[in-house]
Structures are given as structure tokens and as C-alpha cells.
1. What number of residues in the range 32-54 are in a loop (DSSP other than H, G, I, E, B) and touching a residue at least 24 places away in the same chain (Cβ under 8 Å)?
2. Which of the residues belonging to the range 35-62 are polar (S, T, N, Q) and over 15 Å from Glu18 (Cβ atoms)?
3. The conditions are (1) in a loop (DSSP other than H, G, I, E, B); (2) surrounded by 10 or more Cβ atoms within 10 Å (Cβ to Cβ); (3) modelled with pLDDT of 85 or more, and Met11 fails exactly one of them. Which is it?
4. So which residues in the range 92-103 are within 14 Å of Ala33 (Cβ to Cβ) and not in a loop (DSSP other than H, G, I, E, B), if there are any at all?
5. When only residues in the range 19-53 that are more than 12 Å from the chain's Cα centre (by Cα) and farther than 15 Å from Val102 by Cβ count, which is surrounded by the most Cβ atoms within 10 Å (Cβ to Cβ)?
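The values are calculated or read from the model by the stated rules, or taken from the named source; none is laboratory data. The shown structure was predicted, so the numbers you read here are calculated from the model rather than taken from an experiment. Glycine gets a Cβ as well: all are built from the backbone with ideal geometry, and neighbour counts include every protein chain shown.
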Amino acid sequence: MSVVKGKLVKMEVIQVGEYEFTKQDIIGHGAFAMVYKGRKRRNPSQSVAVKVVTKKGIQKASEILVKEIKILRELTALHHTNLVAMHDCMDSPAYVYVVMEVS
């Protein structure tokens with residue numbers, strides 16, 4: 001629950017695998033994606049960034065998305081302190097979810 005302009009509002013929690021976020025916790029956005037601050041459900045103190053990529057209208061960009069995910073996996077395998085790690089990547093009929101650490 002949250003208070004918005006004096007009214008009590010129930011926030012919808014969206015679950016993606018082991019993670020969850022609300023649409024009110026926007027970190028940023030781009031042409032095809034929104035990024036939300038989320039958390040691990042079993043460890044709520046572990047914050048993550050959840051990139052939600054809409055599949056609608058991204059046929060041309062899907063190749064770029066596949067490359068981005070491949071690069072994120074390769075960089076995560078390096079375990080370097082200056083690189084943001086990708087925790088998970090999930091697919092649904094309407095969206096692709098990329099879960100990354102928050103720096």
C-alpha cells in the first residue's frame with residue numbers, strides 16, 4: 001500500500017522468477033524498455049534492476065536484444081567489480097525481462 005495525494009493506493013507487485021517489482025519504482029526508460037527497481041523475493045534487501053522490454057514492434061530490434069543479452073552474460077562471467085552483473089533473463093509472450101544488479 002502507498003499513499004498518493006492523500007489516498008491509500010494498492011501497488012501491484014509484478015513477479016518475475018525469483019524477483020519482483022512495482023511499476024511505481026521506475027529507474028529509467030528507452031525506446032523499447034522500461035527499467036524498474038526491484039528486489040529478490042527471498043531476500044528483499046537485495047535490490048536489482050529489472051529491464052522490461054516490450055516485444056510489440058521490436059522485430060528489427062530483436063537481434064540487437066539477443067546480442068545485448070549475450071554480451072551481458074559474457075561480462076557477468078568475468079565477475080569484475082566495475083561491471084554490472086546480469087542475474088537472470090526471462091521471456092513471456094509480451095515481454096523480455098532482464099534482471100541486473102543495481103550499482
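1. Applying the first criterion (in a loop (DSSP other than H, G, I, E, B)) to the range 32-54 yields 32, 41-46.
Now drop any that are not touching a residue at least 24 places away in the same chain (Cβ under 8 Å), which leaves 32, 41-42.
Residues meeting the conditions: 3.
2. Selection gives Thr54, Gln59, Ser62.
3. The single condition Met11 does not satisfy is (3).
4. Tyr95, Val96, Tyr97, Val98, Val99, Met100
5. Among those residues, the one meeting the criterion is Phe32.
Conditions tested, residue by residue: (1) at pLDDT 90 or above; (2) part of a strand (DSSP E or B).
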residue	(1), (2)
Leu65	no, no
Leu72	yes, no
Leu83	yes, no
Asp88	yes, yes
